[in-house]
Amino acid sequence: MYSCRSDGQSLEHGGLWLLAEDAAGQVLGFAFGGPEREGSMGFSAEVYAIYLLPEAKRQGLGGTLLRALARGLMARGHPS
């Protein structure tokens, strides 16, 4: 069992980070995203980084982090 959490606040430039933790609070990975930085891709937001510990891979956690990041960015006004 794992959970994703954020500090609930946007970073200064509008970015969002999420941590994935197991039931004991051990960090298993993170995702970080925010406004699209180049301004030329046709999207309002992008994933800057996503990382999982090797032992946390192949369990669906990466997809969970990505979906949670997308929802969080959409809630902050980034529809794409």
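The values are calculated or read from the model by the stated rules, or taken from the named source; none is laboratory data. Fair warning: this is a prediction, and the values are worked out from it, not measured in the lab. Cβ placement follows ideal geometry from the backbone for every residue including glycine, while neighbour counts extend to all protein chains displayed. In case anyone asks, the SASA skips ligands and DNA or RNA and just uses the protein heavy atoms, side chains included. Shrake-Rupley method; radii C 1.70, N 1.55, O 1.52, S 1.80 Å.
General remarks:
- Reported count of residues in the range 52-63, each being within 10 Å of Ala31 (Cβ to Cβ) and open to solvent by 40 Å² or more (accessible area, probe 1.4 Å), is 0.
Condition check ((1) touching a strand residue (DSSP E or B) at 6+ places or on another chain (Cβ under 6 Å); (2) open to solvent by 70 Å² or more (accessible area, probe 1.4 Å); (3) assigned to a loop (DSSP other than H, G, I, E, B)) across all residues:
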site: Leu28; (1), (2), (3): yes, no, no
site: Arg37; (1), (2), (3): no, yes, yes
site: Phe43; (1), (2), (3): no, yes, yes
site: Tyr48; (1), (2), (3): yes, no, no
site: Leu65; (1), (2), (3): yes, no, no
site: Ala70; (1), (2), (3): no, no, no
site: Leu73; (1), (2), (3): yes, no, no
site: Ser80; (1), (2), (3): no, no, yes
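- The one condition from (1) open to solvent by less than 90 Å² (accessible area, probe 1.4 Å); (2) modelled with pLDDT of 80 or more; (3) among the charged types (D, E, K, R) that Asp7 does not meet is (2).
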